[in-house]
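Only one structure is covered here, and it is reproduced in the block below.
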Amino acid sequence: MELKIENKEIIFLLADDHSIVRQGMEIVINEIAPNAKVYHTSSLEQITELIESKGIEMAIIDAHFPHGNSLHILPQIKSAHPDIKILIFTGLEEELYALKFIKAGANGYLSKLSEEDEIKEALLHFIQKGEYFSDVSRQLLVQFMYNPNLISPLSSLTKRELEIAELYAEGYGNLEIANQLNIKQNTVSTIKKNIFEKLKIENLVELVDLIKTHHKI
């Protein structure tokens, strides 16, 4: 595979709190597009600021930073800069998180566990096409077309059910939840039953696990 794209002047942003990851990515980018200009940040808060000030065209962003995750800033970035291309480069499990980031506006999702050759090919494809979806992500997208709840089983819950599910996950019991939300205790029990049925779970341990996986990223 020809890895070099001559004379392609792209303005990149590499956002990752590990400098070794950014340095490695810059080496690969320079191999593919020698004329690219590459900016770095280790800060989640700086991402939007640099995109604004440096005219970033392509961004490679980690999913998780010490002060939060990038999922929540993707919609505002894409809203303000619809043409920017964003590749999420992360160690988070693709099967669990890729769809969330793609739905939020990412143009691709690449695992840090990938082999070096795969990372190079993914970056080449991303630079050429403005997107990169692995076989895993493609399969998830196809499944999502048939089952929109795939992104998060919690999306089937109502706002009140999700609120109560979160309180259970934080360790509150029925009486405490009833008092906090100013509703009857048997109402809480009924909603709990509905939550369990919708999520196809049988106990609070499973509920806590689902909340941690799908709602607390």
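The values are calculated or read from the model by the stated rules, or taken from the named source; none is laboratory data. Here the structure is a predicted model, which is why all the values come from computation and not from measurement. Virtual Cβ from ideal backbone geometry, glycine too; neighbours counted across all protein chains shown. To get the accessible areas, we keep the full protein, side chains included, count just its heavy atoms, and leave off ligands, DNA and RNA. Shrake-Rupley method; radii C 1.70, N 1.55, O 1.52, S 1.80 Å.
Restricting attention to the alpha-carbon atoms of the stretch 172-217, what are Rg (one decimal) and Dmax (integer), both in Å?
Computed over the Cα atoms of the stretch 172-217, radius of gyration and Dmax are 11.4, 31 Å.
With each run of n ≥ 4 DSSP H residues scored as -39500 (n - 2.57), what mean residue ellipticity at 222 nm is computed for the chain after dividing by its residue count and rounding to the nearest 500 deg cm²/dmol?
Result for the chain: -16000 deg cm²/dmol, rounded to the nearest 500.
Set Lys and Arg Cβ to +1 and Asp and Glu Cβ to -1, take the dipole of the stretch 85-217 about its Cα centre, and tell me which of Q128, S189, G105 lies farthest positive.
It is S189.
Counting other Cβ atoms within 10 Å of each Cβ, which GluC sites (Glu not before Pro) in the stretch 89-121 have at most 16 and sit in a DSSP loop?
Sparse-neighbourhood loop GluC sites (Glu not before Pro): E93, E115.
Mind checking the log10 I(q)/I(0) for the stretch 50-157 at q = 0.11, 0.15 Å⁻¹? Debye, one equal scatterer per Cα, no solvent, two decimals.
Calculated log10 I(q)/I(0) at the listed q: -0.34, -0.64.
Over all Cα pairs of the stretch 99-165, how is the pair count split among 10 Å bins, expressed in % and running from 0 up to the last occupied bin?
18, 40, 25, 12, 4
I need the GluC sites (Glu not before Pro) found in the stretch 159-217, filtered to DSSP loop residues with at most 11 other beta carbons within 10 Å of theirs.
In loop regions of the stretch 159-217 (DSSP not H, G, I, E or B), the sparsely surrounded GluC sites (Glu not before Pro) are E170, E202.
Could you compute Rg(Cα) / (2.2 N^0.38 Å) for the chain, with N its residue count?
The value comes to 1.21.
Can you pick out the pairs among K103/K192; K37/K78; K54/K112; K54/K100; K159/K184 whose Cα atoms lie more than 24 Å from each other?
In this structure, K103/K192; K54/K112; K54/K100 exceed 24 Å between Cα atoms.
Of the trypsin sites (Lys or Arg not before Pro) in the stretch 177-217, which ones lie in a loop per DSSP and count no more than 13 other C-beta atoms within 10 Å?
Qualifying residues, ordered by number: K184, K200, K216.
Tell me the angle of helix 116-129 to the major Cα principal axis of the chain, expressed in degrees between 0 and 90 and rounded to the nearest ten.
Between helix and principal axis, roughly 80 degrees.
Let me check against my output: what whole-number percent is the relative contact order of the stretch 64-217, with C-alpha pairs under 8 Å and at least 6 apart?
Across the stretch 64-217, relative contact order equals 18 percent.
How many angstrom lie between the Cα centre of the stretch 12-40 and the Cα centre of the stretch 157-171?
41
If the convex hull of the alpha-carbon atoms of the stretch 1-105 is projected onto planes in all directions, what is the mean projected area in square nanometres?
Over every viewing direction, the Cα hull of the stretch 1-105 projects on average to 6.9 nm².
Using a 1.4 angstrom probe on the protein heavy atoms only, could you order F144, F196 from most to least accessible area?
Of F144, F196, the descending order of accessible area is F144, F196.
Roughly speaking, what is the stretch gain from F196 to D17, that is 0.36 nm per residue apart minus the C-alpha to C-alpha distance, in nm to one decimal?
60.6 nm is the gain from fully extending F196 to D17.
Using the Kirkwood radius over Cα pairs, work out the Stokes-Einstein diffusion coefficient for the stretch 105-217 at 10 °C and 1.306 mPa s, in µm²/s as a whole number.
The estimated diffusion coefficient comes to 95 µm²/s.
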